[in-house]
1. Under 10 Å, Cα contacts only: if you run a Gaussian network model on the chain, which one of VAL295, VAL104, VAL36 comes out with the highest mean-square fluctuation?
2. In Å², and per residue, what accessible area does the range 109-221 have when probed at 1.4 Å with the other protein chains present?
3. With springs only between Cα atoms under 10 Å, which of ALA289, ALA277, ALA228 fluctuates most in a Gaussian network model of the chain?
4. For the range 243-327, what is the accessible area per residue in Å² when the probe is 1.4 Å?
5. Please list the helices of the chain that count as membrane-span-like by this rule: a mean Kyte-Doolittle hydropathy of at least -1.0 together with Cα atoms stretching 30 Å or more along the helix axis, each helix being a complete DSSP H run.
6. For the chain, restrict the atom set to alpha-carbon positions and state the Rg and Dmax in Å.
7. Mean residue ellipticity at 222 nm from the helices of the chain, using -39,500 (n - 2.57) per DSSP H segment of n ≥ 4 over the full residue count, to the nearest 500 deg cm²/dmol?
8. Between SER176, SER305, SER143, which gets the highest mean-square fluctuation from a Gaussian network model of the chain, Cα cutoff 10 Å?
Amino acid sequence: MKTPITVSVTGAAGNIGYALLFRIASGSMFGPEQPVNLRLIEIEPGMKALQGVIMELDDCAFPLLNDVVATSDLEEGFKGANWALLVGSVPRGPGMERGDLLKVNGGIFTGQGKAIAATAADDVRVLVVGNPCNTNALIAMNSAEGVPNDRFFAMTRLDENRAKSQLAAKGGVHNSDITNMCIWGNHSATQYPDYTNAKINGKPVTETITDTEWLQGEFISTVQQRGAAIIKARGASSAASAANGVVDTVRSLTNPTPEGDWTSIAVCSDGSYGIDAGLIASMPIRVDAEGNWDVVPGVELDAFSKEKLDATVQELRDEKAAVADLL
Ligand code: NAI
């Protein structure tokens with residue numbers, strides 16, 4: 001048997017976990033030939049539900065699922081992890097300020113960063129999903145001594161997929177006709193879905209969609225507010241589409257990017273595009289045949305795009321300042 005890939009997932013008994021684990025175990029994430037070990041991490045109150053999820057994993061008899069461990073001990077949970085998917089976090093409670101939320105979650109991601117540094121595999125890669133995901137990733141990265149910064153990612157792929165789907169519907173084309181869709185900045189309501197560089201069948205979006213007012217207004221706000229719209233409609237936050245975003249992100253990081261295209265992932269900025277070095281910000285990313293990623297250089301940003309990028313980067317700076325004592 002091929003050596004299994006070990007994937008640690010926090011918040012494994014939550015909504016996203018429930019949609020995600022089955023896709024990892026079925027081969028959607030690493031392909032039909034690649035066995036996986038799952039190390040599932042929950043806080044104590046979630047352990048009973050997690051046992052139920054594991055019973056269901058057992059009942060699928062997945063050929064690719066080699067081993068499953070459930071724990072609330074972080075060092076045990078991240079032991080030998082090639083991938084750490086940090087999904088669990090504390091939701092914003094009534095009367096809770098954003099700053100309080102940043103601090104509460106900050107404490108969680110400090111401990112997780114340290115445990116990853118202590119026990120994960122040498123090649124560990126960390127994808128943060130739990131919100132506020134960019135700043136949680138920043139904290140984990142700064143707490144994981146010895147793990148290179150380029151191993152830390154925060155998820156904006158769900159936003160990218162949402163943007164593609166909105167453009168496809170408006171343009172009367174298929175999702176797969178849309179390429180070069182970049183979400184810039186923070187996974188929050190300030191994110192900038194960049195229609196100016198996106199393409200439909202290889203040509204600028206604006207050749208198919210000529211309604212600039214829609215592109216600059218409703219399109220952007222629909223993508224930014226989609227999470228809230230889903231909560232309103234479903235009575236619960238996006239889970240299956242978020243899990244799909246996780247699968248897509250990991251696949252994009254483990255397979256070469258199609259020629260000329262890119263994907264959106266929040267990474268540790270090297271100062272590209274005037275984004276402060278060290279912030280975890282979403283940018284256009286490409287991956288080569290060896291699995292190395294870099295920021296796509298030379299993407300042109302017009303005045304409208306620059307203004308939007310500045311606003312979302314400013315929010316990331318403010319979030320960083322709010323958790324400065326954890327960095
Ligand atoms: P959920 O509340 O259903 O599940 C969260 C789970 O995490 C719970 O089972 C909880 O017990 C567990 N948990 C809490 N603290 C933990 C800790 N310290 N260690 C391990 N587990 C812990 O939430 P759901 O719907 O699964 O969402 C998870 C996170 O993903 C939320 O923060 C949500 O805002 C975020 N999210 C991010 C998206 C993105 O695009 N980046 C999209 C959708 C959701």
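1. Between VAL295, VAL104, VAL36, it is VAL104 that shows the largest mean-square fluctuation.
2. Numbers: 3970 Å² over 113 residues.
Heavy-atom accessible area per residue stands at 35 Å².
3. With Cα springs under 10 Å in the chain, the top fluctuation among ALA289, ALA277, ALA228 is at ALA289.
4. Solvent-accessible surface per residue comes out at 45 Å².
5. Sorted by number, the helices that extend far enough and score high enough are 98-119.
6. Computed over the Cα atoms of the chain, radius of gyration and Dmax are 19.1, 55 Å.
7. -12500 deg cm²/dmol
8. SER176
The values are calculated or read from the model by the stated rules, or taken from the named source; none is laboratory data. In this text the structure is predicted, and so the values were computed from the model without any measurement. A quick note on method: Cβ atoms are made from the backbone with ideal geometry, for glycine too, and the neighbour counts reach across all protein chains shown. Quick note on the areas: whole protein, heavy atoms, side chains included, nothing else; ligands and nucleic acids left out. Shrake-Rupley method; radii C 1.70, N 1.55, O 1.52, S 1.80 Å.
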